[in-house]
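*Asks:* My questions will all concern the structure given below.
Where a number appears in this text, it was derived from the coordinates with a stated rule and is not lab data. Just so it is clear, the model here is predicted, and its values are computed rather than measured. Don't worry about glycine lacking a Cβ; one is built from the backbone with ideal geometry, like all the others, and counts go over all protein chains shown.
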Amino acid sequence: MKKNIADLREEYTKAKLEVNEVSKDPVDQFMTWFDHAINSDIMEPNAMNLATIYNEKVYSRIVLLKGVEEGAFLFYTNYSSDKGRQIEHNSNVALNFFWPELERQVRIEGKATKVSSEVSDSYFKSRPRGSQIGAWVSPQSQKIEAREVLEKKLSEVELKFAEKEVERPPHWGGYAVKPERIEFWQGRSSRLHDRLSYTKEENGNWTIERLAP
């Protein structure tokens, strides 16, 4: 390795984050930042880390945000996958967006619940046909002997739906993450970053607090 990992660092100077300048609703504030990310030509600005809990262990992976509706963050997956089984066991999850080009990070903590069949059907119909077929092909998270297993299944599924619309698999659908806490992080110089935390109270209002970096 030519460069020491400990020497890798960036100085953040692009923006600041003030309590009197943000929305009182964290979802509205998220959408403002998300629009900035989309308009900044960031590759997959909707990519987010999803953390789940199972048997007192934490698991994480990158998934894609596919909607923000009624104050909840939506994503879709195979319900029989590791993350699906983990959410079934414990609905507490955490999401994390990182947009290095903007020197920004958003952390979201809340509970994940399955969306309705109608919502999952609607989104599934909007997917490219190849992605629809892929939802039938992959036994997500299960061990397979070789890639040829997927290719053989792909041929079978393509033949099955050769001249008709691809139906949504019963094991595939969406989750809505209803936030209980959202933190906005803006990089600042000398590692003295800005952190604003929104916590939802029992009355439905949000409390905003500044946290030390």
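*Asks:* Kindly indicate the residue of region 19-44 that is among the acidic types (D, E), without any contact (Cβ under 8 Å) to a residue 40 or more places away in the chain and surrounded by 10 or more Cβ atoms within 10 Å (Cβ to Cβ) and also farthest from G204 (Cα to Cα) among those meeting that condition.
*Replies:* Among those residues, the one meeting the criterion is E44.
*Asks:* Just give me the residues in region 43-85 being over 14 Å from the mean Cα position of the chain (by Cα), among the polar types (S, T, N, Q) and assigned to a strand (DSSP E or B), in sequence order.
*Replies:* N78
*Asks:* What pairs can you find where one residue is in region 117-129 and within 10 Å of G174 (Cβ to Cβ), the other is aromatic (F, W, Y), and their Cβ atoms are less than 9 Å apart, with a gap of 6+ or different chains?
*Replies:* S120/Y76; S120/W172; Y123/Y76; F124/Y76; F124/W172
*Asks:* Scan region 188-213 residue by residue and report those that are in contact with a helix residue (DSSP H, G or I) (Cβ under 7 Å, 6 or more places away or on another chain) and of a type in the set (A, V, I, L, M).
*Replies:* Correct list: L196, I208.
*Asks:* Something else about it: From the list A72, A37, A47, A94, which residue is more than 15 Å from S141 (Cα to Cα) and either in contact with a Pro (Cβ under 7 Å, 6 or more places away or on another chain) or charged (D, E, K, R) (or both)?
*Replies:* From the options A72, A37, A47, A94, the qualifying one is A37.
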